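The values are calculated or read from the model by the stated rules, or taken from the named source; none is laboratory data. Bear in mind that the values here come from a model prediction, so they are computed numbers and not experimental data. Positions of Cβ are generated from backbone atoms using ideal geometry, with glycine treated the same way; all protein chains shown enter the neighbour counts. The accessibility values were calculated without ligands, DNA or RNA, using every heavy atom of the protein model including side chains. Shrake-Rupley method; radii C 1.70, N 1.55, O 1.52, S 1.80 Å.
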Amino acid sequence: MALGTVGLLHPGEMGAAVGAVLRGQGIRVVWASDGRSEETRGRAEAAGLEDVGTVEAVAQSDVVFSICPPHAALEVARSAEFVGVYVDANAVSPATAAEVGAVVGEFVDGGIVGSPPREPGTTRLYLSGERAAAVAELFAGSALDARVVSNASAVKMAYAAWTKGTAAMLLAIRELARREGVEEPLLAEWDLSLPELRERYERAERSAAAKGWRWVGEMEEIAATFEADGLPGGFHRAAAEVYRSR
């Protein structure tokens with residue numbers, strides 16, 4: 001894909017890191033500061049992104065990546081008329097991805113698994129759609145491992161159903177033990193029979209405190225994915241409530 005410019009909406013921690021990877025590939029990456037916070041501006045500057053002011057200006061890019069909280073994915077897709085390939089790399093259900101695809105031009109479905117990409121082996125970007133292979137080429141040889149699959153959103157939903165879903169369950173289980181007055185016996189039993197759970201709980205607690213608010217929408221998208229395939233979505237609707245309460 002011959003590219004002049006890649007646009008990024010909007011550079012949070014993950015988005016800024018993806019933008020930095022693209023800059024390392026020698027690609028011009030632009031973003032819009034209009035209405036964004038100083039924190040966002042700082043991340044964009046640190047990643048070497050070029051501020052073009054408005055979303056309308058970003059929308060003129062050859063490729064646009066949307067990396068935002070899942071509840072905002074459709075609103076972001078409707079925020080301008082995008083002329084190039086629009087990559088929705090958000091944690092949304094296949095049905096929501098289809099809604100996004102219906103309001104933009106050329107569409108590539110994406111899903112990111114892992115931490116913000118700063119070194120090889122930590123992060124995968126799953127892509128699907130007619131231009132998925134061309135988008136994947138942007139990251140060839142970089143720290144971000146781009147892989148073409150048949151349904152990127154489904155991969156993301158199935159993966160996060162386990163990682164963030166079970167984290168929410170651990171948080172709820174320990175809270176139950178605390179309220180019933182049996183937290184210490186439970187922790188002692190974990191140490192005897194499931195010693196890995198203390199560390200997993202501590203990771204879950206740290207992550208939920210830092211960004212659990214983002215995961216409410218993600219759990220709801222996962223629940224909708226299960227229900228669309230005739231499977232129970234109650235697991236992840238409950239997980240959304242756990243994260244909503246953090």
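Considering region 59-108 alone, what residues qualify as being more than 17 Å from Val216 (Cα to Cα) and of a type in the set (Ser, Thr, Tyr)?
If the condition is that a residue be more than 17 Å from Val216 (Cα to Cα) and of a type in the set (Ser, Thr, Tyr), then Ser61, Ser66, Ser79, Tyr86 are the ones that fit.
Can you pull out every residue in region 89-122 that is free of Cβ contacts under 8 Å to residues at least 60 places away in the same chain, in contact with a helix residue (DSSP H, G or I) (Cβ under 8 Å, 6 or more places away or on another chain) and either open to solvent by less than 10 Å² (accessible area, probe 1.4 Å) or not in a strand (DSSP E or B) (or both)?
Asn90, Ala97, Glu99, Val100, Val103, Val104, Val108, Gly110, Gly111, Val113
Name the pairs whose Cβ atoms lie under 9 Å apart, with the first residue in region 200-228 and among the basic types (Lys, Arg) and at pLDDT 95 or above, the second crowded, with 17+ Cβ neighbours inside 10 Å and part of a helix (DSSP H, G or I), and 6 or more positions between them or separate chains?
Listed pairs, sorted by first residue: Arg200/Ala167; Arg200/Leu170; Arg203/Ala167.
Within region 29-36, does at least one residue satisfy the condition of being more than 23 Å from Glu220 (Cβ to Cβ), open to solvent by 50 Å² or more (accessible area, probe 1.4 Å) and not charged (D, E, K, R)?
yes
Give region 24-38 a look and list any residue that's under 20 Å from the mean Cα position of the chain (by Cα) and in contact (Cβ under 8 Å) with a residue 12 or more places away in the chain, or say none.
Val29, Val30, Trp31, Ala32, Arg36
Restricting to region 5-24, what's the tally of residues that are in a loop (DSSP other than H, G, I, E, B) and modelled with pLDDT of 95 or more?
Number satisfying all stated conditions: 0.
Within region 56-72, can one find any residue that is crowded, with 16+ Cβ neighbours inside 10 Å, small (Gly, Ala, Ser), more than 26 Å from Asn151 (Cα to Cα) and modelled with pLDDT of 95 or more?
Yes, region 56-72 contains a residue that is crowded, with 16+ Cβ neighbours inside 10 Å, small (Gly, Ala, Ser), more than 26 Å from Asn151 (Cα to Cα) and modelled with pLDDT of 95 or more.
State yes or no: is Arg41 part of a helix (DSSP H, G or I), within 20 Å of the chain's Cα centre (by Cα) and not acidic (Asp, Glu)?
Yes; evaluated as a whole, the condition is true for this residue.
Need at least 2 residues that are crowded, with 19+ Cβ neighbours inside 10 Å, β-branched (Val, Ile, Thr) and within 16 Å of the chain's Cα centre (by Cα) per element, so show me which helices (runs of 4 or more DSSP H) inside region 133-246 make the cut, counting only ones lying wholly within it.
196-228
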